[in-house]
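To start, the structure under review is shown below, and the notes come after it.
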Amino acid sequence: MNIMDAAFLADHACDEEYEDTRETVPDEVQDAVRTLLRWAGEDPDREGLLDTPARVGRAWKEYGRGYEEDPAVHLGRTFDEVGGYDEVVLLRDIPFHSHCEHHLAPITGTASIAYLPRNRVVGISKLARVLHGFAHRLQIQERLTAQIAECIRDNLDPLGVAVVIKASHGCMTGRGVRTHGVDMVTSKMLGCFREDAARRREVLALIGGGKG
């Protein structure tokens, strides 16, 4: 046996071991995928598609993992010692991936999340976790934007919350009008960012990279 054959067998063995440790996809889920493949004009029994139903089932279990968690848990640990800091906290351009509930098509974009702390702050990675907790569900962008803002408001009690999402929708780029290069932008302002025009301009300028 030459080196290349040995490497191939080793890789194949690793693949089989990996396959064995993955979650089993129920038959009804795999049958549903086969039905979709037939509806699209494919033959689910051809060699290249034999493992597709199981792969799709595992993929959708991962896409929907946000249903298995409460995003608010990430905001449970806060810090009161902020050294007198009383200005905007902003995490800008966080990449995310979701799926629209109308066509199950991908939504890909970035979110900027800002809040004005009242007397406590949260670790910055937790803001991204809140985003992903809601994004890993079937969504519409407007609801996703509102859910993130309201979760932060309800759990951190800040003076204000601002969320801006910019995303591309597969249901528009891959079907229907098939228009590429178009982003949808949504925003949700709560507290002082909604009530105070100056504060709103400030946070939007920060989200836009300092461009007023």
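The values are calculated or read from the model by the stated rules, or taken from the named source; none is laboratory data. Owing to the predicted nature of the structure, the values given are computational and were not obtained by experimental measurement. Cβ coordinates were reconstructed from backbone atoms using ideal geometry, including for glycine residues, and neighbour counts include every protein chain displayed. Remember, those area values only see protein heavy atoms, side chains included, never the ligands or the DNA or RNA. Shrake-Rupley method; radii C 1.70, N 1.55, O 1.52, S 1.80 Å.
Miscellaneous remarks
- Selection of region 169-190 for residues being at pLDDT 95 or above and of a type in the set (Ser, Thr, Tyr) yields Thr186, Ser187.
- Residue check for Ser112: polar (S, T, N, Q), open to solvent by less than 10 Å² (accessible area, probe 1.4 Å) and more than 11 Å from the chain's Cα centre (by Cα): yes
- Of Thr145, Thr173, all but one fail to be open to solvent by 10 Å² or more (accessible area, probe 1.4 Å) and among the β-branched types (Val, Ile, Thr); the exception is Thr173.
- Within region 29-52, the set of residues being touching a Leu at 6+ places or on another chain (Cβ under 8 Å) and open to solvent by less than 50 Å² (accessible area, probe 1.4 Å) comprises Leu37, Pro44, Leu49, Thr52.
- Test for Thr110: is it without any contact (Cβ under 8 Å) to a residue 60 or more places away in the chain and β-branched (Val, Ile, Thr): yes
- Qualifying residue in region 170-187 (condition: outside any helix (DSSP H, G or I), under 20 Å from Val88 (Cβ atoms), in contact with a strand residue (DSSP E or B) (Cβ under 8 Å, 6 or more places away or on another chain) and small (Gly, Ala, Ser)): yes
- Scanning region 115-142 for residues that are farther than 13 Å from Gly170 by Cβ, open to solvent by less than 20 Å² (accessible area, probe 1.4 Å) and not in a helix (DSSP H, G or I) turns up Tyr115, Leu116, Pro117, Val122.
- Selection status of Glu23, in contact with a helix residue (DSSP H, G or I) (Cβ under 9 Å, 6 or more places away or on another chain), open to solvent by 100 Å² or more (accessible area, probe 1.4 Å) and modelled with pLDDT under 95: yes
- Contact map, region 163-177: first residue closer than 25 Å to Val130 by Cβ, second residue of a type in the set (A, V, I, L, M) and open to solvent by 60 Å² or more (accessible area, probe 1.4 Å), Cβ cut-off under 6 Å, separation 6 or more or different chains; pairs are Lys166/Val185; Ala167/Met184.
- A search for C-beta distances below 8 Å between a residue of region 80-94 that is open to solvent by less than 90 Å² (accessible area, probe 1.4 Å) and any residue that is basic (Lys, Arg) and assigned to a loop (DSSP other than H, G, I, E, B), counting only pairs 6+ apart in sequence or on different chains, returns Val82/Arg120.
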